[in-house]
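Encoded as structure tokens, the structure appears first; notes follow it.
Rule-based calculations on the coordinates, nothing more; no lab input. These numbers were taken from a predicted model, which means no experiment stands behind them. Heads up, the Cβs are rebuilt from the backbone with ideal geometry, glycines too, and the neighbour counts pull from every protein chain shown.
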Amino acid sequence: MKTIIICYLIILCSFNLFAQSSADSVTITFRAYEASNAMMFVPGEFNDWGPNNSGVIASNAISRMNDYNSSMGAWSKTYTFKISATGRSLADTIYQYKLNKGGCSSCWYPDPLNREQNSSDNSNSILRMSKLFWFQYNQVVTGNNISRITIGLIRANSDLITSVSLSYGATKNSTLTTIDVTSGYNTTTRILDTILTTPIPKSNFIKLVAVNNHGDTAVYSKGGYIWY
């Protein structure tokens, strides 16, 4: 839970979390898939880790997740951050964070929807921001098939998403099926939530590609591995 210095880390005081212009800011909605009666927090370097007292977070702390989406079955908390970038380059701003269920000192855990963790510091999850990136992939599996995909698609607040496609196949090198899922993107929450009319086998290779109004692309891929 302690703060460490990471290469390219930019630590902003709480008054500077909110950007001076939409061109250099991103709005991120964090999600935690827990029961509707849970008390959830998203403590991190951006909110003084809760704040907390010896690991205990007060019920009225600024990190508490107050919005519950019954359709997704997830708690959420939205922040707007100033990012570091020159022109249209994708320079990183990096923060560490975790989730906490209940506010107790033993209730901290890494974000299960985020692949990147800092193994040298309590397995803290890493929020690595740029002007266009995917964040927190979640899938609903029915039987052996993926029936729903929900993932954050974060963009600079001055930009627009022009298209989002989903490609899938048995492996990365297979002939892939591609569908347009742009309609599933919520421009307010910056979350892509798509219910698949044709479920995808959970072992399949999956690739999501987003394009913004500048022609920049963000790619997320997973699965499709062959084990020998």
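General observations
- Net charge in the neighbourhood of ILE195 (other residues with Cβ under 15 Å of its Cβ; Lys, Arg +1, Asp, Glu -1) is -1.
- One decimal place: the segment SER22-ILE62 gains 12.1 nm when fully extended, by the rule 0.36 nm per residue minus the C-alpha distance.
- Where labels lie 7 Å past Cα in the beta-carbon direction, separation of SER106 and ALA35 in nm: 1.8 nm
- Cβ-placed point charges (K, R +1; D, E -1), dipole of the chain about Cα centre in debye, nearest 20: 280 debye
- Multiplying the residue separation of SER158 and THR78 by 0.36 nm and removing their Cα-Cα distance gives an extension gain of 27.1 nm.
- Model label points for THR142 and VAL219, set 7 angstrom from Cα along the Cα-to-Cβ axis, are 3.1 nm apart.
- Listed by chain and number, the lysines whose alpha-carbon sits under 24 Å from that of LYS222, ignoring those within fewer than 8 places in the same chain, are LYS98, LYS131, LYS172, LYS202, LYS207.
- Dipole in debye (nearest 20) - the range 136-202, about Cα centre, beta carbon charges: Lys, Arg +1; Asp, Glu -1: 160 debye
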